[in-house]
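Right, one structure below, let's go through it.
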Amino acid sequence: MTVPPPRSAPDAAEAANSAEGANTANAPNTAGSPPPPSPFADLGRKFDGALLRGIGNITRRALGPYQTAIVRIGFAFTMLLYLLREWPNRGLLYGPDSPWGYDLASRFVDDTGAFTPLLWSDSALWFEFVYHLAILACVALLLGWRTRASSMLFMVGVLAVQNRSVFMGDGGDNVIHLMAMYLVLTRCGQVWSLDARRRARRAAAGVPATHDPVGVAIWAVLGVALLLSVVTGSMDSLVWTLFFAGMWLVHAFWWLVTRYAPGEPRIVSQMIGNLVHNAALLVIMFEVCVIYATAGWYKIQGSRWQDGTAVFYPLKLDYFNAWPELSDLITGSGLLVLALTYGTVIVQVAFPFALLNRRAKNVLLFLMMGEHLGIAVMLGLPFFSLAMIAMDAVFLPTVFLLWAGDRTGRVARRVTAPVARLVGRGERPELPVEAPAPAAAPAAAERA
């Protein structure tokens with residue numbers, strides 16, 4: 001057996017280098033391969049796409065057409081019932097015979113900067129004119145007749161009555177006060193309105209939308225009334241003068257663009273109008289959440305709400321005891337009082353968070369409307385409950401609103417069928433009500 005001679009140092013180093021080179025050749029070539037893709041590579045493109053889709057959704061159309069329509073109908077109906085119910089006592093509550101006299105009310109308005117045309121004159125004739133104008137504005141808004149103008153007159157009527165006698169009414173007045181101003185900025189007559197029916201009939205007859213002499217006449221009268229109120233010094237508030245003048249100029253600009261500037265100016269104006277409507281709708285939703293969240297968290301801090309007896313006390317007050325037998329039936333059960341007290345707090349606190357889940361939102365919405373109906377019956381506060389229900393309606397699912405609208409329409413057609421046959425309109429085909437154009441992505445306010 002022959003033993004190989006030992007290698008020298010240079011030979012050993014060369015052998016080691018050869019072995020390392022062989023191992024390197026067998027290993028994968030990582031130096032020349034591309035790096036793994038970054039998880040943030042398409043983040044910018046995805047964000048840009050989502051942003052463009054979102055901007056398109058809020059500018060391409062006015063969201064929540066059925067939600068804003070039911071809010072419009074609910075608040076107009078509530079205010080109309082209130083004005084009609086207080087019609088026999090209108091002079092004592094808001095007129096010249098009110099204990100809150102003209103001088104006291106004028107001094108209060110001067111200090112707070114509130115707006116009320118009822119204080120422009122202490123004449124009984126002027127009071128009757130403003131009060132009945134508010135009733136007509138409620139009817140017009142309820143029916144959706146010239147909603148752009150009727151919503152302005154509705155807001156003026158609400159502010160005129162409520163700011164004249166600030167100690168009248170209940171908590172529902174504050175809700176109507178806020179929503180009356182928000183409705184001015186919304187397109188609440190897209191559906192379930194006489195405006196939608198008129199647009200559908202004109203489109204079927206081929207009449208251009210710019211041909212609207214009645215609308216021009218209404219806004220001309222409103223412009224003259226605004227000018228006279230400023231010239232005579234009745235409108236002495238700079239803020240309200242700028243607001244009403246700005247609203248009139250905006251509508252005049254829209255009419256001019258629609259009539260004389262087709263194409264890009266009209267498209268841009270339409271997008272801005274949609275954006276304003278959607279922003280006002282978002283504010284209404286946010287207002288509902290703020291009202292319930294603050295009410296719930298303030299109740300948590302009260303000792304009577306903590307020990308579960310808060311519902312007991314208003315049911316025992318003569319001022320709120322509309323049905324004594326029913327109130328005694330509820331207050332006689334400690335478990336029922338405890339459940340109603342804690343249930344009220346839980347529902348109000350949880351509602352803003354329930355908006356993150358569709359089913360939970362619908363369940364809590366049903367419970368809250370039931371709670372307001374209970375308040376209307378048990379505590380004798382129907383107008384407060386109607387105002388709160390109308391406010392909650394902004395979160396109703398579109399599917400439910402369509403179902404309710406269809407059923408209501410059938411009942412209304414059955415009731416009015418004899419009258420339609422009497423006037424000779426029973427054989428006319430019913431024109432479809434104009435509905436907003438569908439979009440690719442449904443809005444959050446319209447999801448069931």
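Taken together, the values in this text are just the output of simple stated rules run on the coordinates, not laboratory data. The structure displayed is predicted, hence computed values, not measured ones.
Computed over Cα pairs, the Kirkwood radius of region 209-262 leads via Stokes-Einstein (0.890 mPa s, 25 °C) to a diffusion coefficient of 202 µm² per second. Phi angles across region 316-332 convert, under the Karplus curve 6.51 cos²θ - 1.76 cosθ + 1.60 with θ = phi - 60°, into 3J(HN,Hα) values of 9, 7, 5, 5, 9, 7, 6, 10, x, 5, 5, 5, 5, 5, 6, 5, x Hz, Gly and Pro given as x. Considering region 284-407 at the alpha-carbon level, its Rg and Dmax are found to be 15.4, 47 Å.
Determine the gain in length on full extension of the stretch TYR102-HIS211; use 0.36 nm per residue of separation and subtract their C-alpha separation, reporting nm with one decimal. Before the final figure, lay out the partial values.
Numbers: separation 109, 0.36 × 109 = 39.24 nm, distance 4.45 nm.
Difference between extended and current length: 34.8 nm.
The length gained by stretching the chain between TRP403 and ALA322 to full extension, at 0.36 nm per residue less their Cα-Cα distance, is 25.8 nm.
Cross-link partners of LYS316 among lysines, defined as those whose alpha carbon lies under 22 angstrom from its own and excluding same-chain residues fewer than eight positions apart: LYS299.
How many percent of all Cα-Cα pairs in region 252-324 sit more than 20 Å apart? Tail fraction, whole percent: 64. The length gained by stretching the chain between VAL283 and ASP48 to full extension, at 0.36 nm per residue less their Cα-Cα distance, is 82.0 nm. Note: region 117-189, Cα convex hull, 83 Å³ per residue.
What the phi angles of region 67-83 give under the Karplus curve with 6.51, -1.76 and 1.60, with θ = phi - 60°, is a coupling list of 5, 5, 5, 6, 5, 4, 5, x, 6, 5, 5, 5, 5, 5, 4, 5, 5 Hz, glycine and proline written as x.
In region 83-164 the Cα-Cα distances spread across 10 Å bins starting at 0 as 19, 50, 26, 5 percent of all pairs.
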